[in-house]
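See below for the structure under consideration.
The values are calculated or read from the model by the stated rules, or taken from the named source; none is laboratory data. A quick note: this is a predicted structure, and the numbers were derived from the prediction, not measured. For neighbour counting, all protein chains shown are included, and Cβ atoms are generated from backbone atoms with ideal geometry for every residue, glycine included.
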C-alpha cells in the first residue's frame, strides 16, 4: 500500500480534541489543552463527550467510537488530538473508516494507549500518523516544553527534510550499525496488544521505536520476548528505545537491569539499537511520523545519528 501524507497544518486550521481512552481528570485540563493548541493559531473543536466517564473509560465504547468518527470524517477538521491516555483505545479500531481517512488524510497524533489507533490507521489506511504530544502535555498550564514544542511544530507545520531527530537526553548505542526504513512503534505494551491482529504493524524493514513507563525490567522482558517469538525481530532493520520512566526495580536490577533485559531479548540479532531517546511519556519529547522513512547511523557510538529522511506531511 502506497503511503499517504496528510496536509501540514496552517494558521487558522480546525483541529479536534477527543477522548478515546480513560477519563480526562477535569474541565480545567480541557481548558488548558484548548489554550495550548490555540497558541499555535489553531481553532479547536472540543468533542461534546470529552469529559464523559464510565469507570476507567472515557465513556462507553459506542460514545468514544462516535466521537472519533465525527472527528475523522469531518472534512473541516485537519488534525485529531487525543485528550488523555489510559485504556480502551483498542476497543475502537473496528469502528474507524480507514478508506474515508485515506481519501481525506488528516493529522492524527497520540501516544500511550492511543498508540493502538495511530498504528492501526497507518497499517490499514496507509496514512502517516504521529507519535507525539497528547492531552496530558497540552494540559500543562505552562504549555509545551520548548524542546517538545519545537519538535511538534516541525512535524506538523512542516520543516526541511532530511532532518536530524533532536537530542535532549544523552543517547546510548546498544548495538552499532546502520539501518533505514519506515518508523513503527509507540508504547510497548500497547503495540503488543496488536500482535496477531489485522492491525499489527508491517514490520518488514521497519525501524521499531518503543517506550515504557511504570513497568519493571522483568515486565518489559515479557513484552520483548513476545515480539521476538512472534518473529518481529526477524523482520525489522533497527530499534530505537525511548527514555524509560519509572522502570526500575531495586530488588532485581542490580544483577539484570533494563539494558541487560534489552540486550538479552535481542541477542543473536545484528540490527542497530539506540537507547534513551526522548519520546513517548518522557518530557520533553520528539514527535515521530509513523510510516515515514528514517535512518539510523550508529557506527560512531560517541555521535549516534537518528535522521528523519522524509516529512510526515505535505
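Annotations for the structure displayed:
- Subset of the range 222-238 (residues that are surrounded by 18 or more Cβ atoms within 10 Å (Cβ to Cβ), touching a residue at least 40 places away in the same chain (Cβ under 8 Å) and farther than 11 Å from residue 189 by Cα): 236, 237, 238
- Here residue 11 meets the list (1) more than 25 Å from residue 314 (Cα to Cα); (2) in a loop (DSSP other than H, G, I, E, B); (3) free of Cβ contacts under 8 Å to residues at least 40 places away in the same chain almost entirely, failing just condition (1).
- Listing of helices (runs of 4 or more DSSP H) fully contained in the range 161-267 that carry 3 or more residues being in contact with a helix residue (DSSP H, G or I) (Cβ under 8 Å, 6 or more places away or on another chain), modelled with pLDDT of 95 or more and closer than 19 Å to residue 131 by Cα: 188-192
- Identity of the residue in the range 92-105, touching a residue at least 40 places away in the same chain (Cβ under 8 Å) and in contact with a helix residue (DSSP H, G or I) (Cβ under 7 Å, 6 or more places away or on another chain), that ends up surrounded by the fewest Cβ atoms within 10 Å (Cβ to Cβ): 102
- Residue 268 within 22 Å of the chain's Cα centre (by Cα) and either crowded, with 19+ Cβ neighbours inside 10 Å or free of Cβ contacts under 8 Å to residues at least 40 places away in the same chain (or both): no
- With respect to (1) out of contact with any strand residue (DSSP E or B) (no Cβ under 6 Å at 6 or more places or on another chain); (2) under 21 Å from residue 130 (Cα atoms); (3) surrounded by fewer than 21 Cβ atoms within 10 Å (Cβ to Cβ), the lone exception for residue 48 is condition (2).
Residue by residue, here is whether (1) under 14 Å from the mean Cα position of the chain (by Cα); (2) under 28 Å from residue 126 (Cα atoms) holds:
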| site | (1), (2) |
| --- | --- |
| 187 | yes, yes |
| 197 | no, yes |
| 201 | yes, yes |
| 226 | no, yes |
| 247 | no, no |
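- Filter result for residue 161 (more than 14 Å from residue 308 (Cβ to Cβ) and more than 17 Å from the chain's Cα centre (by Cα)): no
- Within the range 51-65, the residues that satisfy the criterion of being surrounded by 18 or more Cβ atoms within 10 Å (Cβ to Cβ) and assigned to a helix (DSSP H, G or I) are 64, 65.
- Residue within the range 98-107 that is in contact with a strand residue (DSSP E or B) (Cβ under 8 Å, 6 or more places away or on another chain), in a loop (DSSP other than H, G, I, E, B) and at pLDDT 95 or above present: yes
- Taken over the range 190-203, residues that are surrounded by fewer than 19 Cβ atoms within 10 Å (Cβ to Cβ) and in contact with a strand residue (DSSP E or B) (Cβ under 8 Å, 6 or more places away or on another chain) amount to 1.
- Residue within the range 292-311 that is more than 22 Å from residue 85 (Cα to Cα), in a loop (DSSP other than H, G, I, E, B) and touching a helix residue (DSSP H, G or I) at 6+ places or on another chain (Cβ under 6 Å) present: no
- Test: residue in the range 127-147 that is in contact (Cβ under 8 Å) with a residue 24 or more places away in the chain and surrounded by fewer than 16 Cβ atoms within 10 Å (Cβ to Cβ): yes
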